[in-house]
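For reference, the structure is listed below as structure tokens.
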Amino acid sequence: MRIFKIIGGGLRALFGKQRAEQELDEELRGYMETAVEQKMRVGTGREEAARETRIAMGSMEALKEQVRDVGWETHLESFLQDVRYGLRMLRKNPSFTIVAVLALALGIGTNTAMFSVIEAVLLRPLPYRNAGEIVRVSSTWDRNGTSSPPDFFDWRDQNRSFSSMFAYHTGEFALTGLGEAKRVSAVMATSGMFSTLQAEPMLGREFAAEENRKGANHVVILSHHLWQSAFAGAPDAIGKTVQLDSEPYTIIGVMPADFGFPLSASDAYVPIGFDDKVMTQRGAHYLAVLGRLNGGVTPAQANDDLSAIMAQLRKLYPDKDGKWGVRAQLWSTALVGDIRPALLVLLGAVGLVALIACANISNLLLARATVRHRELAMRRALGAGRSRLVRQMLTEGLLLALLAGVASLLLAHWALVAIVRFGPADIPRLASVRLNGPVLAFAMSVSTACALLFALIPALRSSARDTAGLLRTSISPSREAGRLRGTLLIGEVALSMMLLAGAGLLVRSFVGLSSLSPGFDAKDVLTMSVGVPDAHYKNSAALQSYWDQTLTQLRALPGAASVAAVTPLPLSGDDFSSSFSVEGRSVPEKDEPSAELHFATPDYFRTLAIPLRQGRVFAEADRLGAARVLLISETAARMFFRQGDAIGQKIAFGARGGYEKNEGEIVGIVGDVRHFGVDAPIPPMFYVPLAQAGMDGVTIVMRTQRLPAALTQSARKIVQAIDRDALVAEPVPMETLVSASLGQRRFYMMLLGGFAALALVLAAVGLYGVISYSVAQRTQEVGIRVALGASRSEVVTMVMRQGLRLAAAGLAIGLILALLLKSVLKGLLVGVSATDPATLAITALVLLLVAVLASYVPARRAARVDPMVALRFD
């Protein structure tokens, strides 16, 4: 009899009674035990009992599979019913669907776009094999963290943490002999570069160790792009000679098309080539260093290893290495630098926007659920359980999220196009931002999370009420529902207040920085970088003759008011620093101060309107053979000559000075220049006459009497006519450089400002929706009040009071949250406090005005209610 009970239970499950599968298992086990006992008792034997048990087991397993299949089919059909019903409901309410999808798409789209930036800049692995093993090794005294050649070779040869290590710096060459001189970007590196990056040339070979020496380094590896453009991809390019800066270089290799270093592709890769003199200059720091860790070695262990080596070097060379340290850091982390906190702040901001959008949709669904309460009651009365109602409403939420997710991808694409186009060039890998697999997975996850978040509260609340209560209740909302919608609205306003406060603080900071003078007048100034091949000019006199001729002809251009030359140009990203000593002051070499060095012509200060504070500027007589002279900035005078006795002091520069005779007498003090950016500290600066330095590359600055762009082509032609192999960069207005120096801050301000504006709009829509719905549900009450003599102004005041009460509560909470921004915005604000009262007050006022407007529109509509119509309202 037991077997029939089991089969009956299975059949009941098969035909829809859905008996639990574990119950079948329990029945089966019970039958098996009983059958064995009975067979043994009557002496049938264990084998026959086991055979019958196996037969029963096989029958039940087949039956369980059928039950399982029917269960899945039932669930699938039920789910499809929910989807079809949800689609009908969305189609029946197009205005609700459009508003909900658009609001949610804005929240998801901004999150997707911002995550795309985070993924490209912070999360995506570097485009090299096992990139997590690549470490940047940097010195820890100067701002750039560069190394000297002797220190690099000591690190490379003495460490126990790296499998390979190389040093490099970047520059440009003039590629000649193939028609017009072409500007090519180049990486000058030591041997070991390609093994460290685990990259191999597709043709030829990489650098050999002996090519680190000067004289043996005239070999070049071409990028795939340069190989295609200059040699049409011919395999026999290996072994041919190209002219770089008018000197012959033998092609020894071609890199694959997908290789680029650093990060983006350079045109050529050349061995640095050190001579014996350079190998003694431990103060000449200009090399970046990368290494690949041995298996199992962490950056922290490598850091300890290198620190021990550096400690020995400080003892051996106290005068040169006495103030230097070393640090090992994952290259991916070093590249990002201080960008990471700002991007994470922006990601948090768009997360708040998504929460505001979810709160908005929840409010809409709560209002809609109140209207649908009779429908839900009927479904409960007809047998639908609470779980089925919750599932139905969650399915509708998922459908909304799916539609919003599709729309958000389009919005995210447009946003990313704008971000890539207008984003600052100094954010690494920003140009590679795209909608890829991880980003699409993120968008799907956010859509699903939002659906659950905004649909769950209305679903649980609507399904919790008893059927009889639902059938008896009129359409008027419950106080509980009103409180819930009000709570959600208060949260929206509070989060919007916090975002607006953050955006306002960034705007204040940016406006303050924009009003700062960079130390010169950038208006109507055109800049043009020019380099000439060393092979054409054998000494400093020949170089200066070229620059004199070039500047003379440029001054003759119609519209050129003043022309000068300088290197490095302020705000260009280049710098040239050197330690120095003051004659008559005894200071150990390791304690010598340092300053930025600039090489300029006499008209440079007049061209950029840099003021003279004391003494004189350079004269035409300050040339080779004349007494060496210097100018210093106000900050340098204040830092190094506190007695005010700078004029007449004689200065000797250290190994990084780089020009022929590293000494000079201070003859004047000029105004400060913000060389590293308007938002960066002002460095001490020394100026050397260009005519006494012998530089083969400078930036020409031209103050024009008309638009700078009008002289672009004429200036280029003059420079290239004097030397056809001269390397001339595209001219750039000085105002563009000033603007670009604030590029990152402008980028952060615009993004956070956009997110805050979006949050403000969503909060306004949410407030408008809540008040409008409240007015619609209180139509009868309003009609009675009007019938009893209430004036329209009293009705408007009554309705607006409700909206402004909610807005005020949100503002109060938002102000408290805004006070927490101090730690979040650290590093993004300059010249303004994170708790700036004026900014917080203006932000609160803006949000309050928006709340007034959002409340006034439905209040005005309520005041126009016809009492007779209102009294018939149900």
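The values are calculated or read from the model by the stated rules, or taken from the named source; none is laboratory data. The shown structure was predicted, so the numbers you read here are calculated from the model rather than taken from an experiment. FYI the Cβ positions are ideal-geometry reconstructions off the backbone, even for glycines, and counts take in every protein chain you see. Accessible surface is based on the protein model in full, side chains and every heavy atom, while ligands, DNA and RNA are left aside. Shrake-Rupley method; radii C 1.70, N 1.55, O 1.52, S 1.80 Å.
Miscellaneous remarks
- Extreme residue, nearest to residue 262 (Cα to Cα), among residues of the stretch 422-442 that are open to solvent by 60 Å² or more (accessible area, probe 1.4 Å) and in a helix (DSSP H, G or I): 431
- Within the stretch 630-671, the residues that satisfy the criterion of being basic (Lys, Arg) and at pLDDT 90 or above are 638, 650.
- Residue satisfying all of: in the stretch 262-285; among the small types (Gly, Ala, Ser) and under 32 Å from the mean Cα position of the chain (by Cα); nearest to residue 176 (Cα to Cα) among these: 268
- Residue that is modelled with the lowest pLDDT, among those in the stretch 677-690 that are touching a Phe, Trp or Tyr at 6+ places or on another chain (Cβ under 8 Å) and open to solvent by 10 Å² or more (accessible area, probe 1.4 Å): 683
- Residue 562 vs. criteria touching a strand residue (DSSP E or B) at 6+ places or on another chain (Cβ under 6 Å), at pLDDT below 95, part of a strand (DSSP E or B) and open to solvent by less than 30 Å² (accessible area, probe 1.4 Å): yes
- Residue 526 being part of a helix (DSSP H, G or I) and either surrounded by fewer than 20 Cβ atoms within 10 Å (Cβ to Cβ) or touching a helix residue (DSSP H, G or I) at 6+ places or on another chain (Cβ under 7 Å) (or both): no
- Subset tally (residues that are open to solvent by 20 Å² or more (accessible area, probe 1.4 Å) and either closer than 18 Å to residue 206 by Cβ or in a loop (DSSP other than H, G, I, E, B) (or both)) for the stretch 235-248: 6
- Restricting 674, 706 to residues that are in a loop (DSSP other than H, G, I, E, B), basic (Lys, Arg), at pLDDT below 85 and open to solvent by 20 Å² or more (accessible area, probe 1.4 Å) narrows the list to 706.
- Boolean, residue 538 is assigned to a loop (DSSP other than H, G, I, E, B), more than 40 Å from the chain's Cα centre (by Cα) and surrounded by fewer than 19 Cβ atoms within 10 Å (Cβ to Cβ): yes
- The single residue among 110, 53, 97 that is at pLDDT 85 or above, on the phi < 0 side of the Ramachandran plot, of a type in the set (Val, Ile, Thr) and in a helix (DSSP H, G or I) turns out to be 110.
- Taking the criterion of being among the small types (Gly, Ala, Ser) and touching a strand residue (DSSP E or B) at 6+ places or on another chain (Cβ under 7 Å), the residues of the stretch 675-708 that qualify are 693, 697.
- Look at (1) within 21 Å of residue 297 (Cβ to Cβ); (2) touching a residue at least 40 places away in the same chain (Cβ under 8 Å) and you find that residue 157 fails only one, number (2).
- Counting only helices (runs of 4 or more DSSP H) that sit wholly inside the stretch 740-845, those with at least 2 residues that are in contact with a Ser or Thr (Cβ under 8 Å, 6 or more places away or on another chain) and open to solvent by 30 Å² or more (accessible area, probe 1.4 Å) are 743-777, 792-818.
- For first residues located in the stretch 626-642 and in a loop (DSSP other than H, G, I, E, B), partners that are open to solvent by 10 Å² or more (accessible area, probe 1.4 Å) and lie 6+ apart or on another chain with Cβ distances below 8 Å form the pairs 627/665; 628/661; 628/663; 628/665; 641/649.
- Index of the failed condition, residue 254 passing every other in (1) more than 21 Å from residue 210 (Cβ to Cβ); (2) open to solvent by 10 Å² or more (accessible area, probe 1.4 Å): (2)
- The stretch 210-228, residues that are open to solvent by 70 Å² or more (accessible area, probe 1.4 Å) and either touching a Cys at 6+ places or on another chain (Cβ under 7 Å) or in a helix (DSSP H, G or I) (or both): 210, 225, 228
- Pairs with Cβ under 7 Å, 6+ apart, first in the stretch 667-685 and under 14 Å from residue 638 (Cβ atoms), second of a type in the set (Lys, Arg) and open to solvent by 30 Å² or more (accessible area, probe 1.4 Å): 669/613; 670/613; 671/613; 682/674
- For first residues located in the stretch 303-323 and over 17 Å from residue 279 (Cβ atoms), partners that are aromatic (Phe, Trp, Tyr) and not in a helix (DSSP H, G or I) and lie 6+ apart or on another chain with Cβ distances below 8 Å form the pairs 310/324; 314/324; 323/141.
- Filter result (modelled with pLDDT under 75 and either touching a His at 6+ places or on another chain (Cβ under 8 Å) or more than 12 Å from residue 399 (Cβ to Cβ) (or both)) within the stretch 80-92: 80, 81
- Of the numbered criteria (1) charged (D, E, K, R); (2) touching a helix residue (DSSP H, G or I) at 6+ places or on another chain (Cβ under 9 Å); (3) open to solvent by 50 Å² or more (accessible area, probe 1.4 Å), the one residue 603 fails is (3).
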